[in-house]
Structure formats: C-alpha cells, structure tokens
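The values are calculated or read from the model by the stated rules, or taken from the named source; none is laboratory data. If you're wondering where the values come from, they're calculated on a predicted model, not measured in any experiment. A quick note on method: Cβ atoms are made from the backbone with ideal geometry, for glycine too, and the neighbour counts reach across all protein chains shown. Heads up: the accessible areas ignore ligands, DNA and RNA and are worked out on the full protein's heavy atoms, side chains in. Shrake-Rupley method; radii C 1.70, N 1.55, O 1.52, S 1.80 Å.
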Amino acid sequence: MSDTGVTVKKSNNFSEWYVEVVLKSGLADYAPIKGCMIFKPQSYAIWEKIQEVFNKKIKSTGHQNVYFPMFIPESFLKKEAEHFEGFVPEVAWVTQGGETVLDEKLAIRPTSETIIYSAFAKWVRSWRDLPIKINQWCNIVRWETKATKPFLRTREFLWQEGHTVHKTSEEAKKEVFEILDEYKDIMEKYLAIPVLIGVKTDNEKFAGALYTTTLEAIMPDGKALQMGTSHNLGQNFAKVFNIEYIGEDKQNHRVWQTSWGISTRLIGALVMVHGDDRGLVVPPRVASIQVVIVPITYKKGDSSAILEKCKEVYEKLEKNNISVVLDDRKEYTPGWKFHEWELKGVPIRIEIGPRDLKQNQITLARRDTFQKTNAKIEDATEAVKLLLDEIQDNLYLTAKEKLIEKTTIVNNFEDFKTTLKTKGGFLKASWCGNPDCEEKIKAETGATIRLKPFVTELTTNKCILCNETPGEIVYFARSY
C-alpha cells in the first residue's frame, strides 16, 4: 500500500477504499494476531465519545456500570442450549492454565448472558431487589472464519452490553424500546447516520430471545449494517437459571429480562457512510479534534504576527470547549498539512495568512463540502460553533438522502434479484411470513430480512417468492 493519501476511489473499489482510509487516516492498524486489530488514539477517542454520551443517558435512568469476568464455564453456556448452539462455531476456548489442564473448558466471552444471569439468580430474592439494570463496557471474542475487516468483522471487538431484570413483562418491554430510542439518538444525532428500526424475524433474532429489535443502516456499497440490537428475553433465561423473586403477594414469580448492545462496528459505519476520496469525514459531535488551525506563512516578517493571531484564536476556541489543535509545525508546508488533516477528517480547518491578518479575519474551510468562508477574529467562536452545527446537520441529511435513494419497492422475485444485483440497498417486498420462503430467498440471493417495521404494512401483493399468500412488507438486504 502506498504511503501517500487515499489512492483508490470510493466509487471504484469500495472495499479497498475502506481499508485504505482506516489505515492511512490513523484509525487502526493490523495486530500480529490474525483477525485482530489495534485501535489507535483517534478511533478510541470516537469510542470514548460514544461511551460518554451513552453512559450519561443510561445513568440518568438508573442503570449502573459493572464488569464481569471474560471467562465463562462451558457448563454455563450449555445450560441454555438454544443460546449455546448459536455461538458454538465462534467460541474461543481456554483448556489449560499454565501447565495445568483445566477440569472444565472456559469460553472467552462471546457474550455475557450466562455468567451474568448466574449472578442474578443469587442477587434476586424479593420484589424489593427489582429492577436490576446493569451495563458493562468490555471486549468480546468470536472466532470469525470469514474474511475479517477492521471494525466491521474482527475476532476481538469492543462493545457495551446491558442486562436488566424486571418484575413484569410490561416493564421489560418498556426497557427494550427506551434503549432502542437511545441508540437511535446516538446514531442519528451524533454519528449522523440514519437508521431504520424494527423487529427481527424468528430466524434472525438473538438465540434465546422472545424477540429482537434492531437498528439497520445502509452503506454506500448497498449492504446493510446492523448497528445495534435490543432484545426482550422474556422468561427464557430466568427459567434456565432459576431467577425468581417473592412478590408482595408472598408468592414466587419468575422475572422478565432484557439485553442490548452496540459495538465498535459503529466506527466502521461512520467511515463508510461519510468518508470520501480524500479520507475520513468525522461528524463534529464525535470528533476528537473539531478544528485545526493552520498558519499560512510565506514571508519571515509575517510569521510571528500570524502565529500570535493563531494562538489568540486557539485560546478563544479552547475556552469555549471546542476541541482545537494549532498545527504550527515548521517542517511541513501548509498544503501538506491541509492534506493530512483532510485525511483525518477534522470537520473545520482555520487558515490565517497575511491577507487574513491584514483584514483581521479567519478563513474557515469545512471538510464535508470544502467550501470556504470568512469571519472576523472577534466572531471566531460563534462562527465555528455555527459551522460545526451546519456540518453535523449536512452529514445527516446527505446520508438520509442516500438511504432513501437506496430503498426500492419490488413486486416480484425477478425484479428483486435484478435490483439486488444492480443497485443493492434495502428492498421493500411482501413476505408471507413462512420461514421456508425466508430461507430460500437467503439461499438463492444472499439477502436476509433485516427487519419487520413496528407498524405492520399489510399489502394485497403476494409473497415475493411463493406468490401464493398476501403478506406484510419487510426490508430485505445483503449485509455485513
């Protein structure tokens, strides 16, 4: 791979473009372990911003952060056979500690339901103990055998997983949808990525769940990406792990549970949705650096005065909680710096040169559209704040337009296959509800039902495959 900027156009080879942007922008690097990656400071800072926003949301509603061991006894997974079966091909096992062969294999956390719920069985005794609402930020290991790709599919990744216990099914349902709304807010208002929300089919739901709600986004190559899920577990795990409480009526009752999660694949989505042929484009609300100031110095006589003015603007912005960097490195030209900061996706570049100094102004260049505007030095803070909001809004609206453009209504299976091959994206089509039709469509086309809308769209159109029974409208797509 060349050491220069992005050499592959996004429209020519999307997959190669993505990898180039991730590596050259400094988001990540490959690890010496196959299928694993190194999170570099810029990508981890985005993850920290997501953590900061989500922690604030859930702590305000009584959730608390915890941490459980990453080693899970095999017997715990086997207790919940349906759940265990869903993860068996991807589980990494520890069979020996030092020179001692373990009496029982330990799974390296593929997800934490079983180990957490064994604790819930000890913690829950009375109705007074409920609800329990906990969350943990941790790493997950799933031994992927498919082709891996940074952030999107790796053997180890980072996520948060929330787990709650409730007295009633109504409380559990409320939790599922409240979390779904919080996820949607993060994705749309912070990452500037529009999502569709709905429920998974029984074939696609989380193993062991009563039902799974999902947030799905479409990527520029026409593939869908599952951005997050919120599961209603019903009483399935409570039955297996014997999680019961004595109610106010002095009777034993089985609890109702939920689990929910988002992962660092959100960073991959951000790269794909907003990036361009020059590199990253980071939405201002999750950018670790929102503004970079670049002095434009040509004559020695101008240098000191320009640098002083740059420092003045830097201090103004910093005092107003704007994340700003002053790039006063002398060993690089202004043009080289422009290229580097564009590659890293910094939302705003401020230039101050001889002409700006003379007119007591700054030049603002926005990363999303490359448009330039001027503002007086004394108005710098307000101008930057306004422009950051404009960039954030524009990135979302642009992505929303692409989502609409990549959503197609299809009425027969031939059109379904043609559209999937030539355009991709979400295909709205009638499905009879028969899982056999769902599986046959997946086997023939690679497309799955990404979601069923919460508001059922009944149609007189017959099932896209069997052409026998009128059904409901669902969203199909190929996915990551």
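Here are the numbers for the structure shown:
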| read-out | value |
| --- | --- |
| Cβ-based charge dipole, the chain, positive-most Cα from S430, I179, C466 | I179 |
| Segment 273-333-segment 370-449 distance, computed between alpha-carbon centres (Å) | 32 |
| Partner aspartates and glutamates for K133 [C-alpha distance under 12 Å; skip if fewer than 8 residues away on the same chain] | E161, E171, E175 |
| Karplus (6.51, -1.76, 1.60) ³J(HN,Hα), θ = phi - 60°, over segment 318-330, in Hz, Gly and Pro reported as x | 4, 5, 9, 6, 9, 6, 9, 10, 9, 8, 9, 4, 7 |
| Solvent exposure of segment 43-192 as accessible area per residue, Å², 1.4 Å probe | 47 |
| Built amide H within the under 5 Å cut-off of G345, gap 5+ | L280 |
| Partners for K174 among aspartates and glutamates (Cα-Cα distance below 16 Å; same-chain residues under 8 apart left out) | E182 |
| Cross-link table K173/K205; K49/K344; K200/K250; K311/K372; K149/K385, entries beyond 26 Å C-alpha to C-alpha | K200/K250; K149/K385 |
| Built amide H within the under 5 Å cut-off of L451, gap 5+ | Y475 |
| Global form of the chain, assessed from the alpha-carbon gyration tensor, a/c cut-off 1.5 | prolate |
| Helix 113-123 axis, angle to the chain major axis (alpha carbon atoms, nearest 10°) | 70 |
| Value of relative contact order over the chain, rounded to a whole percent, pairs C-alpha under 8 Å and six or more apart | 14 |
| Farthest toward positive dipole pole in segment 140-292 [+1 Lys/Arg, -1 Asp/Glu at C-beta], among P283, Q226, Y190 | Q226 |
| Carbon and sulfur %, accessible surface of segment 390-480 computed with the full protein complex present, 1.4 Å | 49 |
| Pairwise label distance in nanometres, N252 with T333, each label 7 Å out on the Cα-Cβ vector | 7.9 |
| On Cα atoms only, tilt of 169-185 relative to the major axis of the chain in degrees | 20 |
| Nearest 10 degrees, 0 to 90: helix 14-24 Cα axis against the chain principal axis | 60 |
| Length-normalised contact order for segment 272-431 - Cα pairs under 8 Å, 6+ apart - percent | 23 |
| Apportionment of accessible area to carbon and sulfur, segment 1-137, percent (1.4 Å) | 53 |
| Those lysines that a straight Cα-Cα span of less than 19 Å connects to K406, excepting residues fewer than 8 apart in one chain | K10, K223, K417, K421, K423, K428, K452 |
| Heavy-atom accessible surface of segment 271-363: percent carbon and sulfur, 1.4 Å | 48 |
| Per residue accessible area of segment 272-389, 1.4 Å probe, in Å² | 48 |
| Cut-off under 5 Å, modelled amide H: who pairs with D276 long-range | V281 |
| Pairwise label distance in nanometres, K316 with L102, each label 7 Å out on the Cα-Cβ vector | 5.9 |
| Neighbour-limited loop hits for chymotrypsin sites (Phe, Trp or Tyr not before Pro), segment 289-383 (at most 11 other Cβ within 10 Å; DSSP other than H, G, I, E, B) | Y298, F370 |
| Surface accessible to a 1.4 Å probe, H253 within the full protein complex, Å² | 60 |
